[in-house]
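Scroll down for the structure; my scribbles are underneath it.
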Amino acid sequence: MKLQMKPTQARLQAETISSHPDFDRGPRKAVLILVATTALFFVLLFAWMSFAALDISVNAQGAVIPSSRVQQIQSMEGGILQALQAREGMQVKKGDVLATVQNLQFNAEQGEAQQGLWGAQAALVRLDAEARNTAPAFPVELEKNAPDLVREQRTLWQTRRQERETSLETLARQLAQRQQELAEARARHQAIGEAIGPAREALAIEEKLAAANAGARADLLAAQQRYTSQKGELETTRIAIGRIQAAVAEAQARLSETRARFLAETSKERNEAELRAAQIAEQLTGRNDKVARRELRAPMDGVVNRLLITTVGGVVKAGETIMEVVPAEDRLLINARVKPSDIAFLKPGQEARIRISAYDSSIFGTLPGKVLRVGADAIADPERKESFFEVLIESRQNYLGDASEHLGISPGMAADASIQTGKRTMMEYMLKPIVKTLDKSLRER
């Protein structure tokens with residue numbers, strides 16, 4: 001059985017609820033708070049849109065290009081491709097051996113020049129020893145590299161020393177013999193000089209006796225003969241002494257001349273050997289360069305782009321390109337295209353953000369860049385039937401990712417760049433289409 005209120009009770013209850021002040025104030029307050037919050041939100045939104053600055057950017061599409069020209073690896077002299085160490089796409093460092101080209105003729109010429117240089121050096125050591133009259137002291141390295149040449153020069157030194165000593169000893173003996181003869185002649189001259197005095201006195205006595213008719217004539221003649229003989233011998237020895245002195249001087253001159261001739265010949269040979277060594281060393285430098293160039297090395301850090309010759313054992317012509325290396329430097333260059341309608345506000349020095357198409361920019365990020373050059377004139381693209389301006393953008397970072405993992409960027413990769421040309425507020429951005437429309441409409445007829 002349902003309970004039903006009496007009409008009088010229901011009316012009294014409704015009057016009580018409507019007359020209570022709290023029942024009407026609660027909903028009204030909530031509405032006011034909602035309105036105030038909404039108004040504050042729009043005020044803050046309007047303020048943010050009026051003052052918050054957003055970048056104005058121009059989009060450009062292009063590709064990564066090498067910062068320097070692609071290097072062509074060539075063999076200057078040519079030869080046989082002995083080894084090919086490089087592979088397409090391989091990262092190389094400056095100085096890495098990329099290929100080896102063998103030339104047997106250059107190797108033979110290098111060996112010949114090296115032997116000639118060692119021979120000249122060994123001759124210099126031998127000639128220096130001859131000039132000092134000492135035994136030659138050949139360097140250990142020379143004895144190790146060219147033992148036959150050292151042995152030959154040592155034998156030659158011994159032969160020449162023996163010949164020189166024999167010649168000098170012969171001349172020295174001749175000089176000693178002449179000096180002995182001179183000494184004997186001087187001794188004889190002195191003895192005769194000492195004996196001629198008594199003979200002169202004896203002759204004087206005999207002459208006095210003969211004048212007084214007291215002496216025998218035979219004694220006078222004997223005294224005269226003895227004195228005359230000794231006087232003649234004295235003159236003869238004097239002349240002999242002069243002749244022997246001349247012979248001694250001649251022997252001394254021959255000995256000195258022979259010594260001087262040996263020294264002069266040694267000095268001349270040394271100068272010739274020194275000149276020959278210098279000439280051969282110069283030739284050897286050139287031939288060493290030729291042999292060293294058989295190893296084709298990377299001129300810089302980079303990537304092997306393509307191999308033009310791959311047949312090991314094949315003939316390589318002089319100056320023929322074997323491979324190409326794309327430089328990999330610290331900076332990155334982007335050659336981008338910009339529409340003519342966007343070129344007006346572009347200038348060198350503007351900042352840019354670069355996205356590499358091969359890597360997801362939302363995961364791997366972008367690269368900071370700067371405009372280096374803006375093309376002065378538009379370039380026509382006949383395939384797309386449109387024109388564009390070339391813009392060169394540089395980035396000092398040549399990789400994506402963090403320090404622990406570098407994601408390399410190679411020339412030829414597609415890239416997009418956003419070039420910052422200025423700033424504007426969100427309000428200006430939203431009002432721009434309206435302002436443009438009004439500007440056009442107000443000027444229409």
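Structural remarks
- Among the residues of segment 354-365, the one identified as closer than 14 Å to Asp402 by Cα, touching a residue at least 24 places away in the same chain (Cβ under 8 Å) and not aromatic (Phe, Trp, Tyr) is Gly365.
- Of all residues in segment 330-346, those satisfying the criterion of being surrounded by 11 or more Cβ atoms within 10 Å (Cβ to Cβ) and farther than 23 Å from Asn398 by Cα are Lys339, Pro340, Asp342, Ile343, Phe345, Leu346.
Every residue, every condition in (1) over 30 Å from Ala414 (Cβ atoms); (2) surrounded by 14 or more Cβ atoms within 10 Å (Cβ to Cβ); (3) modelled with pLDDT of 70 or more; (4) not assigned by the TED database to the domain that holds Phe389, yes or no:
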site: Pro7; (1), (2), (3), (4): yes, no, no, yes
site: Arg11; (1), (2), (3), (4): yes, no, no, yes
site: Asp22; (1), (2), (3), (4): yes, no, no, yes
site: Phe41; (1), (2), (3), (4): yes, no, yes, yes
site: Ser57; (1), (2), (3), (4): no, yes, yes, yes
site: Pro66; (1), (2), (3), (4): no, yes, yes, yes
site: Ser75; (1), (2), (3), (4): yes, yes, yes, yes
site: Glu88; (1), (2), (3), (4): no, no, yes, yes
site: Lys94; (1), (2), (3), (4): no, no, yes, yes
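- Test: Thr266 is crowded, with 16+ Cβ neighbours inside 10 Å and either part of a helix (DSSP H, G or I) or touching a residue at least 40 places away in the same chain (Cβ under 8 Å) (or both): yes
- Residue check, Gln158 assigned by the TED database to the domain that holds Ala253 and modelled with pLDDT under 85: no
- Residue in segment 110-118 that is over 30 Å from Ala344 (Cα atoms), in a loop (DSSP other than H, G, I, E, B) and among the charged types (D, E, K, R) present: no
- Every condition in (1) modelled with pLDDT of 90 or more; (2) on the phi > 0 side of the Ramachandran plot is met by Lys370 except one, and the failing one is (2).
- Across segment 392-422, the number of residues qualifying as exposed (fewer than 15 other Cβ atoms within 10 Å of the Cβ) and more than 14 Å from Gly369 (Cβ to Cβ) comes to 11.
- Residue in segment 269-283 that is farthest from Glu169 (Cα to Cα), counting only those that are surrounded by 14 or more Cβ atoms within 10 Å (Cβ to Cβ) and under 32 Å from the mean Cα position of the chain (by Cα): Gln283
- Pairing each residue of segment 175-191 that is under 14 Å from Thr237 (Cα atoms) with any residue that is surrounded by 14 or more Cβ atoms within 10 Å (Cβ to Cβ) and charged (D, E, K, R), provided the two are 6+ apart or on different chains, yields C-beta distances under 7 Å for His189/Arg238.
- Restricting Ala137, Ala99 to residues that are of a type in the set (Gly, Ala, Ser) and either surrounded by 13 or more Cβ atoms within 10 Å (Cβ to Cβ) or not assigned by the TED database to the domain that holds Ala273 (or both) narrows the list to Ala99.
The values are calculated or read from the model by the stated rules, or taken from the named source; none is laboratory data. This is a predicted model, so every value here is computed, not measured. Positions of Cβ are backbone-derived with ideal geometry, glycine not excepted, and every protein chain shown enters the neighbour counts.
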